[in-house]
Each structure stands twice: as C-alpha cells, then as structure tokens.
Amino acid sequence: MPDAIFAHPRLAAVYDAFDGARDDLTAYLGVAVELGAERVLDIGCGTGCLAVLLADSGRTVAGVDPAEASLEVARSKDPAGRVTWVHGDAAAVPALGFDLAVMTGNVAQVFLTDDDWTRTLQGIRSALRPAGHLVFETRRPGFRAWEEWAADSAPVTLEIAGIGPVRRRREVTAVSLPLVSFRYTFEFLADGTVVTSDSTLRFRDRDEVEASLLGNGFRVLDVREAPDRPGREFVFLARRTP
C-alpha cells in the first residue's frame, strides 16, 4: 500500500508545494536525449512532474503509480491526455517495448524486501524492449541522510492556493539499518485537520544494487552522481540484457 503522503487526497494535493522545484528532473530528460529514448516509462510517477516534462519534449510516455490520489493530480496536469497513466506497480505495465524506464525521487528505496525489489526489476525488464535502459537514483547509505532529517525537525508552513496555510513537520521515528522510518504530520490550518503519513525507506549500498541488477537481467553501464545532489546519491544506468 502506498504511504498516505501519496495516497491521501488532501496530502497528494499539497505534495508538489512542499516538494519544491524539481531541479533533478532535467537530468532525467537529458538521459533520455543521451540514450535516444522515444518511449519512456516512469515508475512511481507520483504527481506526474517528470512524465509531463517528457511528454512536453515529444516523447511517448507512460506513468505508473499505486497511489490513485497522486495520479489524479498528475492527470490534472495533462488535460490533453498525452501521457498514459496506469494505476498499479511495475508488474501492471504491459510489455510495450519501452526504450527507457526511470525511477526518480528515490522510488527505488520504497521496496523494502528483496522479493518486492526483485518483482519490480522483473516487471521493468518485461516492459522494456531488448537492450532498453533503466535509470534510477538511490541515496548513498554512507551519507547518513537520516541524521540530517532528525536535526532538521522545525515545522514548515506554506500558503497554498485554494487550500490555505498548511504546516508540515517531519520526525525520524526509527533507524534500524538498512531501514529508516519517519513520519510527516500535516496540519491544515484553515479547518484544523491533522493528517499523518508514516514511511520507511531501505538504504542499499552500491554493491547490493549492482548485484540485484545483474541477477535480474540487467547490465550496469554506469553509476553517476546526481548533478543537483553530489555525494548524496547513486544514479544507476543499466541496460536490459537479451
């Protein structure tokens, strides 16, 4: 089940405002250009920021996400219906011969068990054409991002058009590596509604990710830095093997 921050209608509606400028997305568009990818699959597309950007560039795009509330926000950004929006996970995407599959926003870390991660990689592989590419990011465990999150617990309040002021607070609730759990609390100040969302992420090291890719029909071509977050992320570029 997706976390409330993506699946609750009131939280999905304010997600983009708190997420801020998505400076990371132009790098993924650049990868699509680099690889000559015309058919792109966005796994865990959320509110559709990258999928719409890719469609704006003239590409054929499908976005898949298990959170219907997030997909509703995504559809509102795509009134012409250029993107194929799929409610589900990677296994729900038909084998349509995509050139490229992407996972941004550290979507790769939401798969907590080896079985879930394996099913996801196998679903992506089936959706790609032979020699199609997979690109995704994941936080480096050595950077210990959860310590930064725990130190930065001050609430943030934003005025959101059509909704009013919303206050968000984040707290780290558990660290049991490789798993880190945290909670977001949102207070809608216009009516006093409080909604919480609990999340857990898995921090995999580089060797573990590379081994999982090799074991599920991918060849690792490169491991890059995230241009907007140097030293914090691994960006994996892999190719589907025959």
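The values are calculated or read from the model by the stated rules, or taken from the named source; none is laboratory data. Bear in mind the structure is a predicted one, so any value in this text is a computation, not a measurement. Virtual Cβ from ideal backbone geometry, glycine too; neighbours counted across all protein chains shown. Accessible surface is based on the protein model in full, side chains and every heavy atom, while ligands, DNA and RNA are left aside. Shrake-Rupley method; radii C 1.70, N 1.55, O 1.52, S 1.80 Å.
Which of rounded, prolate, oblate describes the chain, given a ≥ b ≥ c as roots of the alpha-carbon gyration tensor eigenvalues and a/c under 1.5 marking rounded, otherwise prolate only if a/b is larger than b/c? Please report the intermediate quantities before stating the final value.
Working: a/c = 1.86, a/b = 1.30, b/c = 1.43.
Oblate, because a/c is 1.5 or more while a/b does not exceed b/c.
Relative contact order, percent, of the range 183-241 when contacts are C-alpha pairs under 8 Å separated by at least 6 residues? All intermediate terms of the calculation are to be shown ahead of the outcome.
Details: 62 pairs, mean separation 13.5, N = 59.
The normalised contact order for the range 183-241 reaches 23 percent.
In percent, how large is the relative contact order of the range 124-242, given Cα pairs closer than 8 Å and 6 or more residues apart?
Details: 214 pairs, mean separation 36.8, N = 119.
Normalised by residue count, the contact order of the range 124-242 is 31 percent.
Restricting to bridges with both residues inside the chain, how much of the DSSP beta-bridge set is antiparallel, in percent to the nearest 5? Show your work: numbers first, answer last.
Values: 38 of 55 bridges.
Given both bridge residues lie in the chain, the antiparallel proportion sits at roughly 70 percent.
Helix 9-19: angle to the longest alpha-carbon principal axis of the chain, degrees 0 to 90, nearest 10?
80
Taking R0 as 22 Å, what FRET efficiency do you get between residue 181 and residue 206 from their Cβ-Cβ distance, rounded to the nearest 0.05? Show your work: numbers first, answer last.
Values: r = 23 Å, r/R0 = 1.04.
Given R0 = 22 Å and the Cβ-Cβ separation, E is 0.45.
At 7 Å along the Cα-to-beta-carbon direction for both residue 68 and residue 154, put a label point, then send me their distance in nm to one decimal.
Calculated label separation equals 4.0 nm.
Given a 1.4 Å probe and the protein chains all in place, what does the accessible area of residue 96 round to, in Å² to the nearest 10?
90
If I compute solvent accessible area with a 1.4 Å probe over the protein chains, what percent of it on the chain is carbon and sulfur?
Numbers: 5720 of 11060 Å².
Roughly 52 percent of what the probe reaches on the chain is carbon or sulfur.
For the residue pair residue 118 and residue 33, what label-to-label distance in nm results when each label sits 7 Å from Cα along the Cα-to-beta-carbon direction?
Modelled inter-label distance: 4.0 nm.
Per residue, how much accessible area does the chain show when a 1.4 Å probe rolls over the protein heavy atoms, in square angstrom?
Details: 11060 Å² over 242 residues.
For the chain, the per-residue accessible area is 46 Å².
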